[in-house]
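Below is one structure, written out as structure tokens; the observations come after it.
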Amino acid sequence: MKQVVLVLNVGSSSIKYQLLELDPSAAESRDSGTRLATGLVDRIGGGGTGTLTHKRPGTDPYEITDTFADHEHALAAVLAAFRDAGPALDTIRLTAVGHRVVHGGTEFTQATVLDEAVLGKIRDLIPLAPLHNPANITGIEGAGRAFPGVPQVAVFDTAFHQTLPAAAHTYAVPEQWRERYAVRRYGFHGTSHEYVSRRAAAVLGRSAAETNVIVLHLGNGASVSAIEGGRSVETSMGLTPLEGLVMGTRSGDIDPAIPAYLERVARLDAAAVDEALNRESGLLGLAGSNDLRDVKKQADGGDPAARLAIDVYCHRIRKYVGAYYAVLGRVDAVVFTAGVGENDPLTRERSLAGLERLGIAVDRERNESGDRDERFISPDGAEVAVLVVPTDEELEIARQTLAVVG
Ligand code: ADP
């Protein structure tokens, strides 16, 4: 029987939501559910004017602009959008609300039905995700008031990576940091890595349990993971989402001594360096835009900074593919997903160039076809398949939500 789930992704300054109808028994199949409504509220809490856009298939988008002072106002506006533009939530039998929660620490290894105790643990994890977990909690509390009696489920960005072996999740740092302050690799984008790796196995016609894949999630945030037999064994993001690949505004890997150096030579304190590494670095820091489409236009126009940004971006990806090949020993597929991974042939081609000795090659025509579906971009008979698999985090959140509410 079809069931309806409201998926809420409450970020530090935005709310994304989807009302999804799906058949839980078809969860492993290609059934991607029916979007009854999707929406986005941006610029929450910034003081400026934000926009709520609410879309239903087959109708014109419903839009309102307002100063969304905080998440509570924004959530109230979302509920009003459902009332005014439909579907009316009080006439639909909501099975559950699924929340994206960024940090689950070591506490949460899978999606979990929310109650006061679980909420308390998510609160205890705020020091690890000071911007994200508080926003997630506002969403959980708001939905609890709006939909009394409807089960709510937390789906954690970190949970899928809790299978990392100690050798991969341990930083070689003093014991007190590790024991008392929980310093270790957690990894993020877990919902996407899980969904995409499972779909990749299906595209290869194999079970996830016998498939090894490297997943490149290249969005505004970007991370790579090594998945062995359906379990995450290595991933590039760490204690926070700052580590690893070059991202829209994040630096990814740097020498950990750079903050102390900048403190000495430029009197920048740790908070200022953290802010710059998270918000003023990556493609933005190198080329002046966090959007790869703009950076590519600049590069086409001959801008050397933009060309360098693309070189650095692709070099970092190639370095990780090589490293994760070594971690896995045998790789069945390299999989591209998210905004850049799904849409940018240049990044796919350049990141994997020169890896033929590893059995990795990209077929130019397949890579450049405008096809949007799950697909091979490697030549026939290649030792390692190269795939593009569109991610669907909302569907995966809805699926996991239904799986735990039964
Ligand atoms: P988020 O992490 O915010 O969910 P997305 O997965 O939507 O982000 O990815 C956003 C990134 O995808 C942006 O850097 C954007 O430039 C890039 N992108 C989207 N479409 C294209 C395209 N056609 N070509 C190149 N890059 C693209």
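Data table
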{"item": "Asn220, sole failed condition from (1) in contact (Cβ under 8 Å) with a residue 12 or more places away in the chain; (2) under 21 Å from Ala168 (Cβ atoms)", "result": "(2)"}
{"item": "Looking only at the range 327-339, and only at residues there that are within 20 Å of Arg350 (Cα to Cα) and small (Gly, Ala, Ser), the one that is most open to solvent (accessible area, probe 1.4 Å)", "result": "Gly339"}
{"item": "Members of the range 92-106 that are hydrophobic (A, V, I, L, M, F, W, C), open to solvent by less than 10 Å² (accessible area, probe 1.4 Å) and more than 14 Å from the chain's Cα centre (by Cα)", "result": "Ala96, Val97"}
{"item": "Qualifying residue in the range 316-331 (condition: within 16 Å of Leu218 (Cβ to Cβ) and either within 11 Å of the ligand (Cβ to nearest atom) or hydrophobic (A, V, I, L, M, F, W, C) (or both))", "result": "yes"}
{"item": "Condition check for Arg206: touching an Asp or Glu at 6+ places or on another chain (Cβ under 8 Å) and open to solvent by 50 Å² or more (accessible area, probe 1.4 Å)", "result": "yes"}
{"item": "Some residue of the range 149-162 being open to solvent by 50 Å² or more (accessible area, probe 1.4 Å) and closer than 19 Å to Ala74 by Cβ", "result": "no"}
{"item": "Test: residue in the range 167-186 that is open to solvent by 10 Å² or more (accessible area, probe 1.4 Å), within 16 Å of the ligand (Cβ to nearest atom) and part of a loop (DSSP other than H, G, I, E, B)", "result": "no"}
{"item": "Residues being touching a Ser or Thr at 6+ places or on another chain (Cβ under 9 Å) and under 24 Å from Asp311 (Cβ atoms) - total across the range 368-406", "result": "4"}
{"item": "Every residue from the range 275-305 that is over 14 Å from Met247 (Cβ atoms), in contact with a Leu (Cβ under 8 Å, 6 or more places away or on another chain) and surrounded by 19 or more Cβ atoms within 10 Å (Cβ to Cβ)", "result": "Lys296"}
{"item": "Residue list for the range 220-229, restricted to those being closer than 15 Å to Asn278 by Cβ and either more than 13 Å from the ligand (Cβ to nearest atom) or in contact with a His (Cβ under 8 Å, 6 or more places away or on another chain) (or both)", "result": "Gly221, Ser223"}
{"item": "Among the candidates Arg316, Arg250, Arg264, residue that is open to solvent by 70 Å² or more (accessible area, probe 1.4 Å) and modelled with pLDDT of 95 or more", "result": "Arg264"}
{"item": "Within the range 1-30, considering residues that are over 21 Å from the mean Cα position of the chain (by Cα) and in a loop (DSSP other than H, G, I, E, B), the one farthest from Ala80 (Cα to Cα)", "result": "Ser29"}
{"item": "Filtered residues of the range 347-380 (kept if within 26 Å of Ala326 (Cβ to Cβ) and open to solvent by 30 Å² or more (accessible area, probe 1.4 Å))", "result": "Glu349, Arg350, Ala353, Gly354, Glu356, Arg357, Leu358, Val362, Asp363, Phe376, Pro379"}
{"item": "Residue list for the range 108-131, filter: within 22 Å of Tyr195 (Cβ to Cβ) and assigned to a loop (DSSP other than H, G, I, E, B)", "result": "Phe108, Thr109, Gln110, Ala111, Leu114, Ala129"}
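The values are calculated or read from the model by the stated rules, or taken from the named source; none is laboratory data. Keep in mind the model is a prediction, meaning the values are calculated, not measured. Note: ideal-geometry Cβ built from the backbone for every residue, glycine included; neighbour counts use all protein chains shown. With ligands, DNA and RNA removed, areas are computed over all heavy atoms of the protein, side chains included. Shrake-Rupley method; radii C 1.70, N 1.55, O 1.52, S 1.80 Å.
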